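Written out below as structure tokens is the structure these notes cover.
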Amino acid sequence: MAREMTGEELRSYREQRGMNQQALVGWLNERLNRRYDRAKISRWETGAERIPQIVAAALKDGTEPVGIPAAAVRAAPVVFCAANQKGGVAKTTTCVNVAWLLAESGCRVVLIDCDPQANATVHLGVDPHEKELAKATLTHALKSTRPMREFVTAVCGGAFDLLPSSISLAATDRELLRQPNGTLILRAKIAQLAGQYDFVVLDCPPHLGELTVSVLNAADQLLIPTQTEMLSMMGIPQLFETIAGVRELVNPRLQVLGILPTMYSPRRLQDETVMGELRELATAEQIRLFSPVKRAADYSKSVMAGQPGLAYNANSAGAESFREIADALLALAKEGVRHGA
């Protein structure tokens, strides 16, 4: 009797050929005249369901030009982060929704939660304490010699992956300061993901500590979300100083993708005043100012549902702003602006 294909073998086979789960669904349904969906692929890959022999046989037999690509060396991912030393500016909301949109466009995406508060982890319906007990968080990934890939978990029905965080990451922030080249560890770990993902999305802590510096050392593109209030905007000049230092000493490829105004209320005088200041700042720094994200209850509700706001309601206020960001990243990927390039 032939040995059954394992979920890890299926996933590896798919990723080596540059296919996301939806692309594999389309290929299998056309070839086998079935009605599989992405959730089914996810259950096979996680081992929740046995992979049918007919599927395993089709995958092993399917080669170009029949339809499934041959295994190939894949380019390194584009590494995107959102940072602002001020908390409560929708960094996590931005990262989660941009990751969702990139995955929906057919890209292989992993979101790495670099915040000890684990907001992205909780937002996506994953229990930080559970992952901490299983030693499957960013803290453990940074300290382990095991491949980074072994610490991720599929979220949103397999749409993209998450490397969870937990409160133990707070101690890691201090430990990085004591280690030689400690702020380069995350960069080295992300380099292991070449060929496995098209995009790595990094959600930062709300301060300019060693973890945030580690993220900036690893990133290709930085987005600066800022609430349309003076206190949020005041931290941006200091962030620019940190970016300049990172570029000069460690990561010359780091670029500012733009500034994203968040929690915007056009009827408030303060918001309009800050928007004017942001326009002037963006012009002076020659960077893009994305369309503002208005306040919307959908994003709070989506946290309770354990999914991105745009998965909860694709037409939520601010949807176009997040799509602008995703489109900008897709354009950069097409141009070949990738990690380590």
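The values are calculated or read from the model by the stated rules, or taken from the named source; none is laboratory data. Given the structure is predicted, the values throughout are model-derived calculations rather than measurements. Note: ideal-geometry Cβ built from the backbone for every residue, glycine included; neighbour counts use all protein chains shown. Protein only, heavy atoms only, side chains kept; ligands, DNA and RNA dropped before computing areas. Shrake-Rupley method; radii C 1.70, N 1.55, O 1.52, S 1.80 Å.
Structure summary
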{"item": "Environment charge at PHE290 (Cβ cut-off 11 Å; Lys +1, Arg +1, Asp -1, Glu -1)", "result": "-1"}
{"item": "Under 24 Å from LYS86, Cα to Cα: lysines that are on another chain or at least 8 residues apart", "result": "LYS294, LYS301"}
{"item": "Mean separation of Cα contacts under 8 Å (6+ apart) over length of the chain, as relative contact order %", "result": "21 percent"}
{"item": "Reachable aspartates and glutamates, given that their alpha-carbon falls under 18 Å from the alpha-carbon of LYS60 and they are not under 8 places away in the same chain", "result": "GLU4, GLU8, GLU9, GLU15, GLU30, GLU45"}
{"item": "Within straight-line cross-link reach of LYS334, aspartates and glutamates at Cα separation under 13 Å, skipping those fewer than 8 residues along the same chain", "result": "ASP198"}
{"item": "Computed [θ] at 222 nm, deg cm²/dmol, the chain (DSSP H ≥ 4; -39,500 (n - 2.57); rounded to nearest 500)", "result": "-14000 deg cm²/dmol"}
{"item": "Size of electric dipole in the range 127-211: Cβ of Lys, Arg +1 and of Asp, Glu -1, about Cα centre, debye, nearest 20", "result": "340 debye"}
{"item": "Residue-normalised accessible area of the range 237-341, given per residue in Å² at a 1.4 Å probe", "result": "54 Å²"}
{"item": "Point-charge dipole on Cβ atoms (K/R +1, D/E -1) for the chain, about Cα centre, debye to 20", "result": "660 debye"}
{"item": "The chain - percent of accessible surface contributed by carbon and sulfur, probe 1.4 Å", "result": "51 percent"}
